Amino acid sequence: MPKALFFDIDGTLWDFKNYIPESTREAIHRLKANGHLVFLCSGRCRAYIQNPALLQLGFDGIVSGCGTMAEYQGERLFYKTIPADLAVHTVETVRKYGFRPILEGAYHLYLDRFEFGQDAYGEKVIREMGDRLLPINELWGKWEISKLSCATNDADREGCFASLQKDYDYIIHNKNVVEMVPKGFHKGTGIQKVCEILNIGLADTFAFGDSVNDLGMFAAAGVSVAMGNGSDEAKKAASYVTSPLLEDGIYNACVHFELI
């Protein structure tokens, strides 16, 4: 029976240097040859999913922006944007509390470089985004976005979270990073909506991930697989824990479940 498989990107399909193990490439190829559907399911917005080596693996669809957008065979299925007035209020608020925002949409990311001069993640975004990266201040209020991520460091996190809690759900990665997603959206809601539109039973789905922003899709999918290099939260929530990314984790899990 064909299944639908949803794969997180960072820490699952590739490492911080964007290295994809050959065994992962082989697993995706064999999954497709066996008639299964394969999807990316990422916290990254669509504008930040452009790497040719990743897309050339041949995914049938993409769920992006923590469930705020989805595509299937190149056609957009849905897209939830943040209204302009709320976006402006959000940026003003997070900055007031000391956060440094990266705004994320289907076509562009928005970042002010003066806020990310020596930040490793900011430098990675700047390097990889090229002309898809635009400034926040110079385009004030003209952003097209569905979520945002913030560097928080020593900021007043709790104060900011309380100020915006009616509009956003928070995915707290660590003391330095938080993702802010429109209330009620996460990777799991993205999977549910895709399955509803394409008439796929949730019992016939697999979700592969490694971190706290994968917990929603773990709860939604029929089977959830945590990478061996994943966080303790992800491993605890998963149906199955495979070996680490760099130790053929995806391939081994697909063999374990007799998908390839």
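If you roll a 1.4 Å probe over the heavy atoms of the protein chains, what accessible area per residue do you get for the chain, in Å²?
Working: 11370 Å² over 260 residues.
Per-residue value: 44 Å².
Counting pairs of Cα atoms in the chain, how many percent are more than 32 Å apart?
In whole percent, the share of Cα-Cα pairs in the chain beyond 32 Å is 19.
Once the dipole of the chain is set up with Lys and Arg at +1 and Asp and Glu at -1 on Cβ about the Cα centre, which of VAL194, SER149, ALA120 lies farthest towards its positive end?
So the residue we want is VAL194.
Would you list the P(r) distribution for the stretch 1-51, with all Cα-Cα distances sorted into 10 Å bins from 0 and each bin expressed as a whole %?
Final binned percentages: 22, 53, 24, 1.
Spelling out what I want: for every residue of the stretch 15-30, take phi, set θ = phi - 60°, compute 6.51 cos²θ - 1.76 cosθ + 1.60 (Karplus), and round to whole Hz; glycine and proline get x.
In residue order, the calculated couplings are 8, 5, 8, 6, 8, 10, x, 4, 5, 5, 4, 5, 4, 4, 4, 6 Hz.
Below 8 Å, C-alpha to C-alpha, sequence gap of six or more: please give me the relative contact order for the chain in percent.
That works out to 21 percent.
Could you rank TYR107, TYR251 by how accessible they are, 1.4 Å probe, largest area first?
Ranked from most to least accessible, the order is TYR107, TYR251.
From the convex hull of the Cα coordinates of the stretch 47-165, what is the mean projected area in square nanometres? Mind showing how you got there, number by number?
Numbers: hull surface 32.0 nm².
Dividing the Cα hull surface by four gives the mean projection, 8.0 nm².
How large is the helix-only mean residue ellipticity at 222 nm for the chain, computed as the sum of -39500 (n - 2.57) over DSSP H runs with n ≥ 4, divided by its residue count, in deg cm²/dmol to the nearest 500?
Details: 9 runs with 79 residues, N = 260.
Calculated at 222 nm, the ellipticity per residue is -8500 deg cm²/dmol.
Only Lys, Arg, Asp and Glu count, each charged at its Cβ (+1, +1, -1, -1), so figure out the dipole size of the chain about its Cα centre, rounded to 20 debye.
300 debye
Please work out how much accessible surface ILE126 shows to a 1.4 Å probe, ignoring ligands, DNA and RNA, in Å² rounded to 10.
40 Å²
Taking only the alpha-carbon atoms of the stretch 127-224, what semi-axes of the equivalent ellipsoid follow from 5 times the gyration tensor eigenvalues under a square root, in whole Å, largest first?
Semi-axes, largest first: 28, 18, 14 Å.
Using amide H atoms built 1.01 Å from N in the peptide plane, name the residues 5+ places from LEU13, or on other chains, whose amide H lies under 5 Å from its own.
none
Can you pull the accessible area of ASP169 for me, 1.4 Å probe, Å² to the nearest 10?
50 Å²
Hey, got the Cα dimensions of the stretch 190-260 along the principal axes, in Å, largest first?
35, 27, 16
In percent, what relative contact order does the stretch 131-249 have, based on Cα pairs under 8 Å that are 6 or more apart in sequence?
Rounded, it is 16 percent for the stretch 131-249.
Determine the share of the stretch 119-249's accessible area contributed by carbon and sulfur atoms, expressed in whole percent, with a 1.4 angstrom probe.
49 percent
The values are calculated or read from the model by the stated rules, or taken from the named source; none is laboratory data. Keep in mind the model is a prediction, meaning the values are calculated, not measured. In this analysis, Cβ positions are derived from the backbone assuming ideal geometry, glycine residues included, and neighbour counts consider all displayed protein chains. Accessible surface areas use protein heavy atoms only, side chains included; no ligands, DNA or RNA. Shrake-Rupley method; radii C 1.70, N 1.55, O 1.52, S 1.80 Å.
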